[in-house]
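Input: a single structure, listed below in structure tokens.
FYI, it's all coordinate maths here, none of it is from the lab. A quick note: this is a predicted structure, and the numbers were derived from the prediction, not measured. We place every Cβ from the backbone using ideal geometry, glycine too, and count neighbours over all the protein chains shown.
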Amino acid sequence: MRARPWLAAIGLGAVALAAQLAVTRSTAGEEAPPPALVEQGGSLFAQMCSHCHGVHMVNPGTSSFDLRKFPHEQRERFFNSVTHGKGNMPAWGDILKPEEIEALWAYVRTGGKT
């Protein structure tokens, strides 16, 4: 049987692609958010959230939740808190669109890194 080096190259390429995709997954098994969405979330965060939650989510020592510790597997909890408010946090559901909350979630999942 003749060796087919191109077949081995295709197999190695597939393995490399699978490894790269595995690296882009978060600890919750979700894919990493697209960089553009994270950047949009960072801008929204700076404008709407940083005065309470701190610049780049570095908590300023107030009574606000340290979002760097927000569990990545609790997306629905995040959406509910942002939409309806929680504790001292006001509801933002009438101000922010769902896609903006999604961008904020993408930014929070990065730990405040854009």
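Name the shape class, rounded, prolate or oblate, that the alpha-carbon gyration tensor gives for region 56-97, where a ≥ b ≥ c are the square roots of its eigenvalues, rounded holds for a/c under 1.5, and otherwise prolate holds if a/b is larger than b/c and oblate otherwise. Mind showing how you got there, number by number?
Working: a/c = 1.96, a/b = 1.27, b/c = 1.55.
Because a/c hits 1.5 or more and a/b fails to exceed b/c, region 56-97 counts as oblate.
Pull out a ≥ b ≥ c, the square roots of the eigenvalues of the alpha-carbon gyration tensor of region 31-109, then state rounded if a/c is under 1.5, prolate if not and a/b is larger than b/c, and oblate in the remaining case.
Values: a/c = 1.36, a/b = 1.18, b/c = 1.15.
Rounded shape, in that the Cα axes give a/c under 1.5.
Among Thr110, Thr83, rank each residue by its count of other Cβ atoms within 10 Å, from fewest to most, as a rough exposure measure. Let's see the in-between values first.
On the way: Thr110 19, Thr83 16.
With the fewest neighbours first, Thr110, Thr83 line up as Thr83, Thr110.
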